[in-house]
Amino acid sequence: MRVAIGSDHAGYLLKETLKAGLIDAGVALDDAGTTGDASVDYPDYAEAVARLVVSGACDRGILICGTGIGMAMAANKVDGIRAAAAGDLESARLCREHNDANVLTLGARLTPPDLAMAIVRLFLETPFAGGRHQRRVDKIMALQGSHADVPR
Ligand code: RB5
């Protein structure tokens, strides 16, 4: 499995920690940045990782910001992405089994490194359950491009 990983400045240290654990586990990584703790804009890294996933260059993506929320919002704007913000093990498992999430987002300000690593492992090793969940995922994907009149 090849994994794209990216973060903003708030997620940089956790990204480096997770990278070390993933490399130890033999996972192939594409690091889309950022490369330090200088302030950057998380949507830029969400887009880079999302494009690596939808292009097929990588099988899954991992994105880290302060909360995991901005990264999920941004990544989910890219067609083909199903990004899940998961701060606990059950969410990590179910976002794969039920939602076939292809991107995991984490909050470095909320999730300690050991738990984050366990969440990442579960996210990578859990298969999609298919069956009734496939129909629901198909309905999610059918929403793409359906621009309802959303109040701003
Ligand atoms: C950066 O300060 C912070 O806003 C960002 O990392 C993220 O938490 C946004 O969702």
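Each reported figure results from applying straightforward, stated rules to the coordinates on display, with no laboratory input. Note that this is a predicted model, so its numbers are computed, not measured. We place every Cβ from the backbone using ideal geometry, glycine too, and count neighbours over all the protein chains shown.
Would you point out which residue out of ALA86, ALA92, ALA108 is among the small types (Gly, Ala, Ser) and farther than 18 Å from PHE128 by Cβ?
So the residue among ALA86, ALA92, ALA108 that is among the small types (Gly, Ala, Ser) and farther than 18 Å from PHE128 by Cβ is ALA108.
Of (1) under 30 Å from ARG135 (Cβ atoms); (2) surrounded by 20 or more Cβ atoms within 10 Å (Cβ to Cβ); (3) within 11 Å of the chain's Cα centre (by Cα), LEU52 satisfies all except one. Which?
(3)
From the list ILE140, ILE64, which residue is within 16 Å of the ligand (Cβ to nearest atom) and either part of a strand (DSSP E or B) or more than 26 Å from THR35 (Cα to Cα) (or both)?
Matching residue, one of ILE140, ILE64: ILE64.
Which numbered condition in (1) away from the ligand (no atom under 16 Å from the Cβ); (2) surrounded by fewer than 18 Cβ atoms within 10 Å (Cβ to Cβ); (3) hydrophobic (A, V, I, L, M, F, W, C); (4) not in a helix (DSSP H, G or I) is the only one that ILE23 fails?
It fails just one condition, (4).
If you go through segment 93-117 one residue at a time, how many are outside any loop (DSSP other than H, G, I, E, B) and under 16 Å from ILE5 (Cα atoms)?
Going through segment 93-117 one residue at a time, the tally reaches 8.
Taking the criterion of being in a helix (DSSP H, G or I) and free of Cβ contacts under 8 Å to residues at least 60 places away in the same chain, would at least one residue in segment 1-10 satisfy it?
There is at least one residue in segment 1-10 that is in a helix (DSSP H, G or I) and free of Cβ contacts under 8 Å to residues at least 60 places away in the same chain.
Mind checking which residues of segment 90-111 are within 16 Å of the ligand (Cβ to nearest atom) and either within 21 Å of GLY80 (Cβ to Cβ) or loosely packed, with under 15 Cβ neighbours inside 10 Å (or both)?
Matches in segment 90-111: VAL103, LEU104, THR105, LEU106, ARG109, LEU110.
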